[in-house]
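Heads up: the structure comes next, in structure tokens.
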Amino acid sequence: MGISRYRTYRQIADLPQLVGQYVQLRGWIADRTDKGRLQFLRFRDGSGFCQLVVFQPEVPAEVFEAARSVTQESSVIVGGIVRQDERAPGGYELQVRELQIMQLAQGYPITPKEHGVEFLLEHRHLWLRSPRQHAIMRVRAAVIRAICEFLDSNGFIRIDAPILTAAACEGTTTLFELDYFDLGKAYLSQSGQLYAEAAAMAHGRVYTLGPTFRAERSKTRRHLTEFWMVEPEAAFFDLEDDMDLAEDLVEYIVQYVLRHCERELRTLGRDLSRLERIRRPFYRMTYTEAVELIQRKGVKLHRKLPDGREEMVDFPWGEDFGAPQEEAIMEEFDKPCIIHRYPAAVKAFYMKRDPDNPELVLAMDMLAPEGGGEIIGGSQREDDYEALLQRIREHGLPEEAFRWYLDLRLYGSVPHSGFGLGIERTVKWITGVQHIRETIPFPRMLYRLVP
RNA sequence: UCCACGGUAGCUCAACGGUUAGAGCACCUGGCUGUUAACCAGGGGGCUGUGGGUUCGAAUCCCACCCGUGGAGCCA
């Protein structure tokens, strides 16, 4: 693809093909430094970053003066000759001949120096312009593109689930509540899965992609109150198929990002060899095997006693894994690991029991290496009407709200499976950033709703 | 929600209960033909989060509140 027919202008991304030519660019001054008669302006136009060089004898006095007076983040129209030069960051620079200031910015708060987290989050609307944030958002876009490309080309139909819902998908987690006209309370969706299951009975293979909400008062570098999830759901898939699909999808995402975002990953200082290694097959183990591994490694469980004191105990079979256990498991692996067949007691009501052991459900989680944590949670779904009804009652869920969901087991019920992949956690793992708040344009967290 | 830590210049941080609360960066002025977080010289910049208390004297000690950070639990 070349330059489009739109009345857009040449972009920094096009510079390698325009060496020696006169071009006009529109964008912003990211930073500047001057050496008397020679000035260097770091310039960005959205497509990337490049250096502008303004040398006094080569430009009219008013152009040199404009370059001298331009401030950080002022918007400009600039024209000049494209040059390839090893000394230029990125390899290309513009030898400026004309410079016109569109708007002179005053007192831009974010400098190229160090800033604290709080300050940067207060200025998220401006922070997005910084090279690192720019790179992360491009990787995020590539991750979503890879997901859609992979699923669309493998027979999955995108079906969008509602965001306003009448009841919980999983009774355990907290929901954001709001008033819905005369119908009482509505809730922001915490998962599109139940709707994906209905759609899978219509289309066979489907996926939902969109924001989900959890009103958990969790405060860690892995949590947002609003995050995006892709949830594939496929009729006739059993747990094995589900795990295969999860592996294929994650391999595709990582290799796609490597192919399309190498520059961004380098900007982020990511070790590319660690990502190149992400090829099938990944690792798999049962929950029971994982518990044995944890016990062998001597990782204890931090437990709170009724009187408020805390104690450290050997990890017992039947407990769900916390962050310390997941980290201990993933110390052993350089590729993602799927853990499957969890105790039914710690998992959601809709998961199918393991026919070989009724204490277990056919669930699976995928953990990413290098501190990536849990990026996928999925299962084969309960497809028997009576069994599902019993689970709903055991969990104390409002039966009426799940009427339509139970219907799916009355009219041509089939085995089916699916999973949810957290977009932000995946971006966090692939980019190697330390905190999930940098993987979404405007993070929503326990103590952050603005900007 | 629980545990720990923090709030001082626009930003990042110093300052034993004791002169007029300092430094680097940013900003402004001047100098420099290759800067990569340039460098050199000069300049302006403060209700020490809020309220109360202890004291001859509080940024510093005590109490409450507000705001934030890291982690736990829960989860993707």
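Quick notes on this structure:
- Considering A:LEU446, A:LEU397, A:LEU388, the condition of being among the aliphatic types (A, V, I, L, M) and in contact with a helix residue (DSSP H, G or I) (Cβ under 7 Å, 6 or more places away or on another chain) is satisfied by A:LEU388 alone.
- When the strands (runs of 3 or more DSSP E) confined to the range A:207-312 are screened for residues that are out of contact with any Asp or Glu (no Cβ under 6 Å at 6 or more places or on another chain) and within 16 Å of RNA strand B (Cβ to nearest atom), those reaching at least 2 such residues are found at A:226-235, A:300-304.
- Positions within the range A:70-81 being more than 8 Å from RNA strand B (Cβ to nearest atom) and either farther than 16 Å from A:ARG42 by Cβ or part of a loop (DSSP other than H, G, I, E, B) (or both), in sequence order: A:VAL70, A:GLU73, A:SER74, A:ILE77, A:GLY79, A:ILE81
- Total residues in the range A:243-283 satisfying the condition of being among the small types (Gly, Ala, Ser) and either in contact with a Gly (Cβ under 9 Å, 6 or more places away or on another chain) or within 14 Å of A:VAL139 (Cβ to Cβ) (or both): the figure is 2.
- Neighbours by Cβ (under 7 Å, 6+ apart or cross-chain): first from the range A:378-389, of a type in the set (Lys, Arg); second open to solvent by less than 20 Å² (accessible area, probe 1.4 Å): A:ARG381/A:GLU197; A:ARG381/A:TYR350; A:ARG381/A:MET351; A:ARG381/A:HIS416; A:ARG381/A:SER417
- So A:LEU410, is it more than 19 Å from A:LEU245 (Cα to Cα) and surrounded by fewer than 20 Cβ atoms within 10 Å (Cβ to Cβ): yes
- Positions within the range A:111-159 being more than 16 Å from RNA strand B (Cβ to nearest atom) and part of a loop (DSSP other than H, G, I, E, B), in sequence order: A:LEU128, A:SER153, A:ASN154, A:GLY155, A:PHE156, A:ILE159
- Filter result (closer than 26 Å to A:ARG353 by Cα and either polar (S, T, N, Q) or part of a strand (DSSP E or B) (or both)) within the range A:313-343: A:GLN325, A:CYS337, A:ILE338, A:ILE339, A:HIS340, A:ARG341, A:TYR342, A:PRO343
- Residue match in the range A:100-107 (condition: outside any loop (DSSP other than H, G, I, E, B), in contact (Cβ under 8 Å) with a residue 24 or more places away in the chain, under 27 Å from A:ARG132 (Cβ atoms) and more than 16 Å from RNA strand B (Cβ to nearest atom)): yes
- A:ARG26 vs. criteria touching a Phe, Trp or Tyr at 6+ places or on another chain (Cβ under 6 Å) and of a type in the set (Lys, Arg): yes
- Residue in the range A:333-356 that is open to solvent by 10 Å² or more (accessible area, probe 1.4 Å), under 19 Å from A:ARG222 (Cα atoms) and near RNA strand B (Cβ under 10 Å from one of its atoms) present: no
- All positions within the range A:256-292 that are polar (S, T, N, Q) and either without any contact (Cβ under 8 Å) to a residue 24 or more places away in the chain or open to solvent by 80 Å² or more (accessible area, probe 1.4 Å) (or both): A:SER273
- For the range A:387-423, a tally of residues being farther than 20 Å from A:GLU231 by Cβ and among the polar types (S, T, N, Q) returns 1.
- Any pair with Cβ under 7 angstrom, 6 or more apart, that starts in the range A:70-95 at a residue that is farther than 16 Å from A:GLN21 by Cβ and of a type in the set (Gly, Ala, Ser) and ends at one that is open to solvent by 50 Å² or more (accessible area, probe 1.4 Å) and part of a loop (DSSP other than H, G, I, E, B): A:SER74/A:LEU104
- Subset of the range A:366-376 (residues that are in contact with a strand residue (DSSP E or B) (Cβ under 6 Å, 6 or more places away or on another chain) and open to solvent by 10 Å² or more (accessible area, probe 1.4 Å)): A:GLU374
Okay, residues lined up against (1) within 12 Å of RNA strand B (Cβ to nearest atom); (2) more than 30 Å from A:HIS223 (Cβ to Cβ); (3) not in a helix (DSSP H, G or I):
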| site | (1), (2), (3) |
| --- | --- |
| A:PRO358 | no, yes, yes |
| A:GLU370 | no, no, yes |
| A:ILE376 | yes, no, yes |
| A:ARG391 | no, no, no |
| A:LEU406 | no, yes, no |
| A:TYR411 | no, yes, yes |
| A:GLY420 | yes, no, yes |
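- Residues located in the range A:186-213, provided they are of a type in the set (D, E, K, R) and open to solvent by 40 Å² or more (accessible area, probe 1.4 Å): A:ARG205
The values are calculated or read from the model by the stated rules, or taken from the named source; none is laboratory data. Every value quoted in this text rests on a predicted model; they were computed, and no experiment measured them. A quick note on method: Cβ atoms are made from the backbone with ideal geometry, for glycine too, and the neighbour counts reach across all protein chains shown. Surface areas here come from the heavy atoms of the whole protein model, side chains and all, with no ligands, DNA or RNA. Shrake-Rupley method; radii C 1.70, N 1.55, O 1.52, S 1.80 Å.
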